[in-house]
Amino acid sequence: MKVKYFVLIALVFFTTIATGQNIASSGMSIIPVPDKLALSEGCFELDSTTKIIVSDEATKQTAGMLNEFISPATGYELEFSNAKDANSKCIEFRINDELSALSSEGYKLMVTEDSILIESSGQAGLFYGIQTLRQLMPPVIYSNVPIHWVKWQVPCVEIEDKPEFKWRGMHLDVCRYFMSKEFVKKYIDLIAMHKMNIFHWHLTDDQGWRIEIKKYPKLAEISAWRNESLIGHLNAPGPHKYDGIRHGGFYTQEEIKEIVKYAKDRFVTVVPEIEMPGHAKAALAAYPNLSCAGGPFEVEKNWGVIKDVYCAGDEETFEFLQNVLTEVVQLFPSEYIHIGGDECPKDRWKVCPKCQKRIANENLKDEHELQGYFIKRMEKFLNQHGRKIIGWDEILEGGIDPSATVMSWRGEKGGIAAAKAGHDVIMAPNTYTYLDYYQGPKETEPLAIGSFVPLEKVYSYNPVPQALTEDEGKYILGAQAQLWTEYMKDAERVEYMAYPRGCALAEVVWSKKDNKDYNDFRGRLKKHFKRFDILGVNYRNLDN
Ligand code: TNX
């Protein structure tokens, strides 16, 4: 009754919807929920004569993405025009400096019966306006139904929208299982569709090295391949079983450039992660001289934390990593380079004469400070190349420079400590954002690493911990979801784990806290799933 009443009012009057609760009941399903939305009577109907209006080249490039997204559904491309023409309907894109209060990622979208206007102070904002427009259109595709059946109607609305957080990320581990270039692009498409802007690409780990480095060809020949993979869970009782199937792959530098460009066109920054000093066994298999004991090593076939790490006493390690990073910074224009820093056991360093000599020479207290020395040295190198580092929260333990950004993964503790110490922080707590954890009852879900982070839990997350003062809270750049792939063999499984929890995360980082409403979100997801069906996304359905 209430719902009908609302729709009736919405049809008769111009209604402002300021909160999330009402969006699903109005029939719209925008995810993440926009800041302000006013619905009015009538709709704009798109057809093949509709013109796209732009007044400069940069805007033309952004507006061109509209065709990229909607022409697979409509079956036609819209033409550009420099000026409005009284005889045809139009979608106008306009850079408007007066909207700078919405940030360059915020936008205004106005839909009337004969025109659509998307305005922003930046190109990113125009792009996000397109994402909203896409979601205002019906979730159908012309090839599934006779073309004359589809009415490409967009309800008359006025939307003003802007992101809450600057860092809105999705991570993907392509080391535990290699993912194709095509899938990586699809993953980026989904990030952009949900108005997220960071793709954290985990490229090196014990079980595989995935980036071609010209100076070290054995990384592609040896480190990118493992002889077999574990069957079942690492902690299952009894001896481990392996599948006997060689697994691997790597991205050539040309492929990486292609992916970085693809992401840039969608306003997504690719942040590469090159792990050090731990999670390095794949590199050590090709270059055992970089370890403390000298090997030989195999690319790892078990999951977990591996004791063989880069030697922190040997200069060759630093030379190697600096040469690797020199190629990495040439491929990735990102302001940040992630250098890992997590889960580095100190067993080998404790008994390594070179590491012990370094501890003595540098007046370090112990192996933890040796890790601090390692990270600081790499940070200095990257700073000299004009980049900032990000590391997992363990980097706090050995003492780091204030310019390092901390990614808090072991719950929120690391993030809280880092913000209090004046570091920028990205919240990635396993308790809310680890999408490799179970999302439903273990008995009915495919095998996962463990724990439990259901959709509602992700949705409930607030990236600014309560323990921080308002000033400390300003160090929180945003949050991101993690997709560690130990138990995700392929793209299908990654999608199943990533969505719809990724939709929830998108709303956590984009939407205002006061506009969030879990029931409304679930309502909107139902229509969103029809879009996923069309896009071929293997999402997990809602529990009833
Ligand atoms: C911890 S998160 C790791 C990863 C694993 C993940 C599994 C982090 C910085 N390290 O190496 O894949 O747990 O959930």
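Restricting attention to the stretch 464-486, the residues that are more than 30 Å from Gln207 (Cβ to Cβ) and touching a strand residue (DSSP E or B) at 6+ places or on another chain (Cβ under 7 Å) add up to 3.
I'm trying to understand the selection: among the residues of the stretch 94-131, which are within 21 Å of Ala263 (Cα to Cα) and acidic (Asp, Glu)? Glu105, the sole residue that qualifies. For the stretch 510-523, the condition holds for at least one residue, the condition being that it is within 15 Å of the chain's Cα centre (by Cα) and crowded, with 22+ Cβ neighbours inside 10 Å.
The sole residue among Ala419, Ala360 that is small (Gly, Ala, Ser) and out of contact with any helix residue (DSSP H, G or I) (no Cβ under 6 Å at 6 or more places or on another chain) is Ala360. Residues considered: Val140, Val154. Of these, the only one that is closer than 30 Å to Phe44 by Cα, in contact with a Cys (Cβ under 7 Å, 6 or more places away or on another chain) and either part of a loop (DSSP other than H, G, I, E, B) or not polar (S, T, N, Q) (or both) is Val154.
Here the condition is being under 19 Å from the mean Cα position of the chain (by Cα), crowded, with 23+ Cβ neighbours inside 10 Å, of a type in the set (D, E, K, R) and more than 16 Å from the ligand (Cβ to nearest atom); of Glu492, Glu507, it holds for Glu507 alone. Among the residues of the stretch 260-272, is any modelled with pLDDT of 95 or more and closer than 22 Å to Lys376 by Cα? Yes, the stretch 260-272 has at least one match. Ser104 is checked against (1) among the polar types (S, T, N, Q); (2) within 29 Å of Leu535 (Cα to Cα); (3) exposed (fewer than 13 other Cβ atoms within 10 Å of the Cβ) and fails just one. What number does that condition carry? Evaluating Ser104 over (1) among the polar types (S, T, N, Q); (2) within 29 Å of Leu535 (Cα to Cα); (3) exposed (fewer than 13 other Cβ atoms within 10 Å of the Cβ) leaves (3) as the failure.
Note on the stretch 375-397: residues that are within 16 Å of the ligand (Cβ to nearest atom), modelled with pLDDT of 95 or more and under 15 Å from Met276 (Cβ atoms) amount to 5. Among the residues making up the stretch 415-425, a single one is in contact with a Leu (Cβ under 6 Å, 6 or more places away or on another chain) and either within 12 Å of the ligand (Cβ to nearest atom) or of a type in the set (D, E, K, R) (or both): Asp424.
Looking across the stretch 417-449, the residues that are among the polar types (S, T, N, Q) and surrounded by fewer than 16 Cβ atoms within 10 Å (Cβ to Cβ) come down to Thr431, Thr444.
Taking the stretch 353-376 as the range and being hydrophobic (A, V, I, L, M, F, W, C) and not in a helix (DSSP H, G or I) as the test, only Leu364 passes. Could you tell me whether any residue of the stretch 238-250 is at pLDDT 95 or above, surrounded by 13 or more Cβ atoms within 10 Å (Cβ to Cβ), outside any strand (DSSP E or B) and within 27 Å of the chain's Cα centre (by Cα)? Yes, that holds for at least one residue.
If Ala282 meets every condition in (1) more than 14 Å from the ligand (Cβ to nearest atom); (2) surrounded by 17 or more Cβ atoms within 10 Å (Cβ to Cβ) apart from one, which number is that one? Every condition holds for Ala282 apart from (1). Please go through (1) within 16 Å of the ligand (Cβ to nearest atom); (2) over 23 Å from Val305 (Cβ atoms) for Asp436 and return the number of the only condition it doesn't satisfy. Checking Asp436 against (1) within 16 Å of the ligand (Cβ to nearest atom); (2) over 23 Å from Val305 (Cβ atoms), the one that fails is (2). Can you say whether Asp543 is surrounded by fewer than 19 Cβ atoms within 10 Å (Cβ to Cβ), more than 13 Å from the chain's Cα centre (by Cα) and more than 21 Å from Gln131 (Cβ to Cβ), as far as the supplied structure shows? The answer is yes for Asp543. Taking first residues from the stretch 420-438 that are under 17 Å from Met196 (Cα atoms) and partners that are within 11 Å of the ligand (Cβ to nearest atom) and part of a loop (DSSP other than H, G, I, E, B), the Cβ contacts under 6 Å between residues at least 6 apart in sequence or on separate chains come to Ala428/Trp409; Tyr434/Val453; Leu435/Leu483. Considered as a group, the residues in the stretch 335-368 that are among the acidic types (Asp, Glu) and closer than 28 Å to Gln482 by Cα include one that is nearest to the ligand (Cβ to nearest atom), and that residue is Asp342.
For the criterion of being over 28 Å from the mean Cα position of the chain (by Cα), hydroxyl-bearing (Ser, Thr, Tyr) and away from the ligand (no atom under 16 Å from the Cβ), Tyr287 passes. Under the condition of being at pLDDT below 95 and outside any helix (DSSP H, G or I), the residues counted in the stretch 497-544 number 3.
There is no residue in the stretch 450-468 that is under 19 Å from Glu273 (Cα atoms), surrounded by fewer than 20 Cβ atoms within 10 Å (Cβ to Cβ) and either among the basic types (Lys, Arg) or more than 11 Å from the ligand (Cβ to nearest atom) (or both). Does Gly313 count as away from the ligand (no atom under 16 Å from the Cβ) and either modelled with pLDDT under 95 or touching a His at 6+ places or on another chain (Cβ under 7 Å) (or both)? Taking the combined requirement at face value, the residue does not satisfy it. Residues that are hydrophobic (A, V, I, L, M, F, W, C) number at least 3 in the following strands (runs of 3 or more DSSP E) confined to the stretch 381-496: 388-392, 425-427, 476-481.
The condition of being out of contact with any Lys or Arg (no Cβ under 6 Å at 6 or more places or on another chain), over 27 Å from Gly169 (Cα atoms) and small (Gly, Ala, Ser) holds for Gly295.
The values are calculated or read from the model by the stated rules, or taken from the named source; none is laboratory data. Just so it is clear, the structure is predicted and the values come from calculations on it, not from any experiment. Cβ: placed from backbone, ideal geometry, glycine included. Neighbour counts: every protein chain shown.
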